[in-house]
Amino acid sequence: MSVDLDVSARLRGVVMRLSRQLNASAAHEGLTPSQASALGLIRRRGPLSLSDLAAIEGLNPTMVSRIVGRLDELGLISRRQNPQDLRSALVEVTENGQRVHERVRTERGKVLSACFEQLSQADQEAIVGALGALEALAEQLIGSSVGSSSGNGGARESRSR
């Protein structure tokens, strides 16, 4: 099945609006949306190389370096040498980073749940029914953008949600 440009644009718009609203809920932790997104991604998929993080987030390496630097300053992530490529580092979430991520995640859950409950039963069921397909789409997008610079050759397993 081919997706026309209108459907693609609508999907992209919805995803971006949802992402902006959910990432804004991290402000109470003093994180920008980009920092919150990176922290969550590192928590879910880490350890990651900076180049893999840049590819997955769709950001340039300079921007990712700044984001990671700030997360490091805040004690939310740590860096270690990549055993597969001694010229690069891997980043992973610290215990403090895990706590902050959990608080952000909880706040996002509250925001999303409150809005979700305002939808009709049919809309709620449609969204729940589409989750598997949306997760598969996200994995396809991530898989098409990740290079082979991480310690695992860029391969990522699909994780159960």
**Message:** Given the options Ser78, Ser144, Ser88, Ser149, name the one that is more than 14 Å from the chain's Cα centre (by Cα) and at pLDDT 95 or above.
**Reply:** Ser78
**Request:** Could you run through the stretch 22-39 and say how many residues are closer than 18 Å to Cys115 by Cβ, assigned to a helix (DSSP H, G or I) and either touching a Lys or Arg at 6+ places or on another chain (Cβ under 7 Å) or not aliphatic (A, V, I, L, M) (or both)?
**Result:** 4
**Fill in**
Going through the stretch 93-117 in order, the residues found to be more than 18 Å from Gln21 (Cβ to Cβ) and not in a helix (DSSP H, G or I) are Val93, Thr94
**Fill in**
Residue pairs qualifying under the 8 Å Cβ cut-off, at least six apart or on distinct chains, with the first in the stretch 61-74 being under 15 Å from Pro33 (Cα atoms) and the second being at pLDDT 95 or above and not in a helix (DSSP H, G or I), are Val68/Ile77; Val68/Arg79; Val68/Val91; Leu71/Ile77; Leu71/Val91
**Message:** Take the conditions among the basic types (Lys, Arg), assigned to a helix (DSSP H, G or I) and in contact with a helix residue (DSSP H, G or I) (Cβ under 8 Å, 6 or more places away or on another chain) and apply them to Arg70. Does it pass?
**Reply:** yes
**Message:** Just checking, does the stretch 118-137 include any residue being small (Gly, Ala, Ser), closer than 24 Å to Gln35 by Cα and assigned to a helix (DSSP H, G or I)?
**Reply:** no
**Request:** Give the residues of the stretch 10-46 that are surrounded by 11 or more Cβ atoms within 10 Å (Cβ to Cβ), under 19 Å from Gly58 (Cα atoms) and small (Gly, Ala, Ser), sorted by residue number.
**Result:** Ser19, Ala24, Ser34, Ala36, Ser37, Ala38, Gly40, Gly46
**Prompt:** Out of (1) outside any helix (DSSP H, G or I); (2) among the aliphatic types (A, V, I, L, M); (3) closer than 24 Å to Ile127 by Cβ, the odd one out for Leu90 is which?
**Reply:** (3)
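The values are calculated or read from the model by the stated rules, or taken from the named source; none is laboratory data. It should be emphasised that the depicted structure is a prediction, and the values quoted were computed from it without experimental measurement. Neighbour counts run over all protein chains shown; Cβ positions are idealised from the backbone, glycine included.
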